[in-house]
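All remarks here apply to the structure that follows.
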Amino acid sequence: MSDNNKLTNNERNSFFVQRTVLVVDDEEINLDIMSTILMDNFHVLQARDGKEALDILLNGEQKIDLVLLDVFMPMDGREVLKVRQETPSIKRIPFIVCTSDKNIEEECFHLGVNDFIKKPYENPDIIVARIKRMIELYEDRSILKEVERDKLTNLYNIEFFKKYAKQFDANYPDVQKDMISISINRFRLINELYGRALGDKILLAIAEQLTKCISNCNGLVGKDEGSTFVIYCEHHDAYEILPIKLDEAVKRVASDVNISFRIGIYPNVDPSLNKEIVMGRAKTTADTLVNEFTKNIEVYNDERQAKTLHMEKLIDVFPQALAEEQFKLFFQPKYYIQGDKPVFASAEVLVRWISPKFGFVSPGDFISLFEENGLISKLDSYILEKAAKYMRLWKEKYGVDIPLSINLSRVDIYKPNLVEEIINYVDSNNVPREKYYIEITESAFVEDAKQVIPVIENIRNNGFKIEIDDFGSGYSSFGALADLPFDVLKIDMRFIRAIEKNPKAKGIIKMIINLAKLFNATTIAEGVETEEHYQFLKESGCDIIQGFYLSKPLSIDDFELLIQKEFGKNER
Ligand code: C2E
Ligand code: MG
Ligand code: MG
């Protein structure tokens, strides 16, 4: 702007063309003067008392950018200000009071007025400039609001959430605070099943509920990516109510949608810690609940955090580990037991990760982790191919086809070319397909029968053998079993483990063995550790056993020694 608050014509034209000012005064002369002052720069509306002014403001037809308000009129200007304070739709319109009475300024300030213009009116340019500045100020404020808020929920977006959280620390240095991360489980699925519009409604309901919860204590709410919310508030211990309240809020807008939450709490935040880190900790704490069905709140602890970080590191180094062949195939022999003594039958391939950085990493630590992010499919492709190559090698070296079983993850089922891939590995290594077994856990069938059965059926129809792993843990019904494509039932080792302790386990094992016979399937018991296990399984008619009693999983060198022992030293 030019000097002395004077507007150039240019400024007038570029800034004020569209803005509307409502002038409220019961004296015609004042109305006329003010309208004349403003008319070059603003679109001017007039009201002759408070009531008329409120009518114009409240009917909302015309967007009003500023109100110039007289005080003493039939409906007093102060009454108008009171209504404005209580009415959200007009609360954000700037009001300037025009008065000659200095004494009522203070009262008007308390009623939220933004500025004063002295009557009688003096320099018209100054009046215009003041109005301009006030409108600008208000517009800047609402632009800022747009920038700092999430569009859908009107909560702080994450950048501003962090900023205001820091401010909260500065304003209340002695108050202990908690960071809370709240996510909706499988929200993407809800969007896909019920549509985005309902998804948005649910997010809004949650945002409103969280705002309500926070209004009881000191704090702020923000919206992170996707369906994640964050709260930074005064510390307290009664968070159990939160999922209940959220559930009620969601039920109000989507009564038949079943939603569950995962809530991670990082209590008593050290204010010197970067807010990003604190939010990350709350979120990873929440994420530990991703596969939990009975629990929806977890409080951060260091041990769990260290585990999560370790897992993240494992994911990071996976591509390199695969490229460097750090994953080794181990082979656990299986033996027929119905003859006089156990006879070698085949082996299960079990992956081992020998990492130069982390040492020996157990499958228990990485299989489910890699299942969550899909990396397992790459690993399994590697194992599927390597296994076929070893079978070819042994055939060439020792003249025998050693049957191998390879574990398939439930995630592999969704690979579009899985069957072709397996055929390719096996055929290109001249491995007989019927010696190549695929193990898949029973629970995969139970969880997603529609998807899993056709794929496994296809594999089987192409000549491969199918083993249902951990059978008995997935609770397939007898009826469902009739629809499953399989050649072998592998009894869940938990039943073997329970032989000594729980008399019912023996009954269940016998039942599974008889069930398999009904379907012409072979039974394998894994996790066989003792003579007692072995004797019981033999008497019960189990065909094959696998377990520490006869052999641990063996490295390639040890397994080749076993092949030599079993099939003579006829290395070619
Ligand atoms: P699983 O397929 O049920 O494998 C049997 C597990 O029992 C193996 O654990 C094996 O080492 C262990 N085991 C064998 N005999 C005994 C015994 O007598 N007592 C006890 N206590 N345990 C015994 P491991 O190698 O840790 O593998 C765990 C699971 O990881 C496997 O369960 C399988 O589901 C998965 N897995 C292993 N290798 C692969 C793979 O290459 N791909 C996929 N997708 N999953 C794999
Ligand atoms: Mg297995
Ligand atoms: Mg098993």
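The values are calculated or read from the model by the stated rules, or taken from the named source; none is laboratory data. What you see is a predicted model; the values in this text were computed from it and never measured. Virtual Cβ from ideal backbone geometry, glycine too; neighbours counted across all protein chains shown. Heads up: the accessible areas ignore ligands, DNA and RNA and are worked out on the full protein's heavy atoms, side chains in. Shrake-Rupley method; radii C 1.70, N 1.55, O 1.52, S 1.80 Å.
Here are a few things to note about the model shown:
- Only residues that are under 17 Å from K334 (Cα atoms), away from ligand 2 (no atom under 16 Å from the Cβ) and either open to solvent by 20 Å² or more (accessible area, probe 1.4 Å) or in contact with a Ser or Thr (Cβ under 8 Å, 6 or more places away or on another chain) (or both) were counted in segment 517-533, giving 3.
- Subset tally (residues that are more than 15 Å from ligand 1 (Cβ to nearest atom) and surrounded by fewer than 15 Cβ atoms within 10 Å (Cβ to Cβ)) for segment 434-456: 6
- Close pairs from segment 257-283: first in a helix (DSSP H, G or I), partner among the hydroxyl-bearing types (S, T, Y) and surrounded by 13 or more Cβ atoms within 10 Å (Cβ to Cβ), Cβ under 6 Å, at least 6 apart: V278/Y266; R281/Y266; R281/Y300; A282/S181; A282/Y266; K283/S181
- Filtering segment 370-412 to residues that are among the basic types (K, R), crowded, with 18+ Cβ neighbours inside 10 Å and under 38 Å from the mean Cα position of the chain (by Cα) leaves only K386.
- Answer residue from segment 483-537, given it is among the aromatic types (F, W, Y) and not in a helix (DSSP H, G or I) and is nearest to Q451 (Cα to Cα) among those: F486
- One residue from K501, K569 being charged (D, E, K, R), at pLDDT below 95, more than 24 Å from M391 (Cβ to Cβ) and exposed (fewer than 13 other Cβ atoms within 10 Å of the Cβ): K501
- Condition check for F344: more than 16 Å from ligand 2 (Cβ to nearest atom), touching a helix residue (DSSP H, G or I) at 6+ places or on another chain (Cβ under 7 Å) and part of a strand (DSSP E or B): yes
- Helices (runs of 4 or more DSSP H) completely within segment 385-482 that count 1 or more residues being touching a strand residue (DSSP E or B) at 6+ places or on another chain (Cβ under 9 Å) and β-branched (V, I, T): 418-428, 449-461
- Subset of segment 205-253 (residues that are within 19 Å of the chain's Cα centre (by Cα) and open to solvent by 60 Å² or more (accessible area, probe 1.4 Å)): E225
- Test: residue in segment 115-132 that is open to solvent by 10 Å² or more (accessible area, probe 1.4 Å), in contact (Cβ under 8 Å) with a residue 24 or more places away in the chain, in a loop (DSSP other than H, G, I, E, B) and at positive phi: no
- Residue, nearest to ligand 1 (Cβ to nearest atom), within segment 457-475, restricted to residues that are more than 28 Å from K389 (Cβ to Cβ) and buried (at least 20 other Cβ atoms within 10 Å of the Cβ): F471
- Only one of F366, F360, F330 that is of a type in the set (F, W, Y), in contact (Cβ under 8 Å) with a residue 12 or more places away in the chain and not in a helix (DSSP H, G or I): F330
- Matching residues in segment 327-341 - criterion: being farther than 17 Å from G547 by Cα, open to solvent by 20 Å² or more (accessible area, probe 1.4 Å) and in contact with a helix residue (DSSP H, G or I) (Cβ under 9 Å, 6 or more places away or on another chain): K328
- Flag if Y549 is touching a residue at least 12 places away in the same chain (Cβ under 8 Å), more than 16 Å from ligand 2 (Cβ to nearest atom) and assigned to a loop (DSSP other than H, G, I, E, B): yes
- Once segment 537-549 is narrowed to residues that are over 44 Å from the mean Cα position of the chain (by Cα) and open to solvent by 20 Å² or more (accessible area, probe 1.4 Å), the residue that is nearest to ligand 3 (Cβ to nearest atom) is D543.
- Test: residue in segment 514-524 that is more than 28 Å from Y425 (Cα to Cα), in contact with a helix residue (DSSP H, G or I) (Cβ under 8 Å, 6 or more places away or on another chain) and not hydrophobic (A, V, I, L, M, F, W, C): no
- Output for segment 399-452, where each listed residue is within 16 Å of ligand 3 (Cβ to nearest atom), aliphatic (A, V, I, L, M) and modelled with pLDDT under 90: A444, V446
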